[in-house]
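Have a look at the structure below before the remarks.
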Amino acid sequence: MSDSSRSRTNVAALLAILALSAATMVWLFWHFPLITCAATVAVLAVLGVCARLARLTDTDMTERMTDMQHKQGV
């Protein structure tokens, strides 16, 4: 029973955080449209670069592991 109430509390907290974040973004966009757009594009660009770097490092590690397994005869 406590697990379901904890789960509901977590969902409620997540929804509250998302609503506050959305309200903040709308307020910022309403008052500072150009700066908000520029900051949003910059943050999304950084996240995109991080995703590409993560994919590159993950692929390299996977290839190394398969190469090591082939060398060991597994």
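The values are calculated or read from the model by the stated rules, or taken from the named source; none is laboratory data. Please read these numbers as outputs of a predicted model, since none were measured by experiment. Positions of Cβ are backbone-derived with ideal geometry, glycine not excepted, and every protein chain shown enters the neighbour counts. For accessibility, only protein heavy atoms count, side chains too; no ligands or nucleic acids. Shrake-Rupley method; radii C 1.70, N 1.55, O 1.52, S 1.80 Å.
Some observations on this one:
- When restricted to residues that are over 21 Å from the mean Cα position of the chain (by Cα), assigned to a helix (DSSP H, G or I) and surrounded by 10 or more Cβ atoms within 10 Å (Cβ to Cβ), the stretch 29-51 contains 3.
- Filtered residues of the stretch 1-28 (kept if farther than 27 Å from V43 by Cα and open to solvent by 80 Å² or more (accessible area, probe 1.4 Å)): M1, D3, R6, R8, T9
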